[in-house]
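First the structure, in the form of C-alpha cells, and then the observations on it.
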Amino acid sequence: MDLRFCRSSVPPRLVGGTSGNYIRTSTSGLRAFTIDALDPHPLNHLHSLRRQENGDVFETGILPGPGSGADYLTYEAVWRVSPVAPSVAVVLLYRGTHGQGVVVRVGSWCQGLLVKGKQITAERWRKSDKRWERVLKLGDAWLPCAVACLDRDEAADHELWQGARYWREATGLNFAIEKVVGSGDRVVAGGDEWEVVERMQW
C-alpha cells in the first residue's frame, strides 16, 4: 500500500493512494493496482530500480497523470529499507458491493485506505515510545487500523496504547474485539465487514 499526503494543505490532501501486488527483480519492478483512490481504471506501473552505495534503492519511471491514461509524467523516488519492530504483519480487506478497502500493518507502521465511489478515507498510524497514534487522517469512514495495531501484550495496557479506546468503547462503536485478530477473523463496523487475510509473526 502506498499513501501520499500533501502536508502543506490543511487538512492534509491525498495526492496518491494505491494498493495491489508488487513484483520486482534487482533492476525493475511492476505494481499491479487493485485499488487506486484517484483513478477508477488504474494502469499497471513498470519502473526501473538501481541500488545506491548506501543501500538505498533509486526508482525511476513514468506514471499517467491523475485520472488520465494519456498524459504521462516522469518521476524519481528513493526507498530506504528500515528494520521492522515488532516483527508483525497484519492485512485486512474490505470487499463491499460499493467499494474496496485495505489496512496493512508492518511492524510499527499501519496504513488504511477505503474507497466508496467518490468517498475516500485514508489513515496512517505509527508506534513510537510504546504508544500508537494516528498521525494522518482524511475522510470520515471508520477504518480498523487500531484493530490491526493491537498486540497481545497491549490489550490491557490502556495507558500506553492510545488506540485502546477502541477496546474500551467496543459496544458504543458497534463492533467487538474479543482477542487480538488472526487470519480468517472478521471485524464489522457501520455495516462494513473487514476480513483478516493475513497475520504473520517472525
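Here, each number is a calculation from the coordinates, and none is a lab measurement. Just so you know, these numbers come straight off a predicted model, no measurement behind them. Here Cβ is always computed from backbone atoms with ideal geometry, including for glycine, and neighbour counts include all displayed protein chains.
Which order, highest average first, do 47-54, 140-147 follow once you tally other Cβ atoms within 10 Å for each residue and take the mean per peptide? Walk me through the numbers on the way to the answer.
On the way: 47-54: 11.4, 140-147: 21.4.
Those peptides, ordered most packed to least, come out 140-147, 47-54.
What is the local net charge at HIS98, summed over the other residues whose Cβ is closer than 12 Å to its Cβ (Lys, Arg +1; Asp, Glu -1)? Could the numbers behind the result be given before it?
Working: positive: ARG95, LYS116, LYS118; negative: ASP192.
Taking every other residue near HIS98 into account, the sum is +2.
What is the sum of charges, Lys and Arg at +1 and Asp and Glu at -1, for the other residues whose Cβ falls under 15 Å from the Cβ of ARG31? Write down the numbers at each step before the final one.
Numbers: positive: ARG4, ARG24; negative: ASP2, ASP36, ASP39, GLU59.
Value of the local net charge: -2.
For CYS145, what charge total do you get from the other residues with a beta carbon under 12 Å from its beta carbon, if Lys and Arg give +1 and Asp and Glu give -1?
+4
Once you have the Cα-Cα distance between GLN119 and SER183, take 0.36 nm times their residue separation minus that, and quote the gain in nm to one decimal.
Numbers: separation 64, 0.36 × 64 = 23.04 nm, distance 2.79 nm.
Length gained, GLN119 through SER183: 20.3 nm.
With +1 on the Cβ of every Lys and Arg and -1 on the Cβ of every Asp and Glu, and nothing else charged, how large is the dipole of the stretch 1-94 about its Cα centre, in debye rounded to the nearest 20? Please list the in-between numbers first.
Values: 8 positive and 8 negative charges, 39 e Å.
Taking the Cα centre of the stretch 1-94 as origin, the dipole is about 180 debye.
I need to check one value: relative contact order of the stretch 4-87, counting alpha carbon pairs closer than 8 Å and at least 6 residues apart, in percent. Please report the intermediate quantities before stating the final value.
Numbers: 143 pairs, mean separation 14.5, N = 84.
After rounding, I find 17 percent.
Provide ILE62, ILE35 in ascending order of the number of other Cβ atoms located within 10 Å of each residue's Cβ, fewest first.
Taking fewest neighbouring Cβ atoms as first place, the list is ILE62, ILE35.
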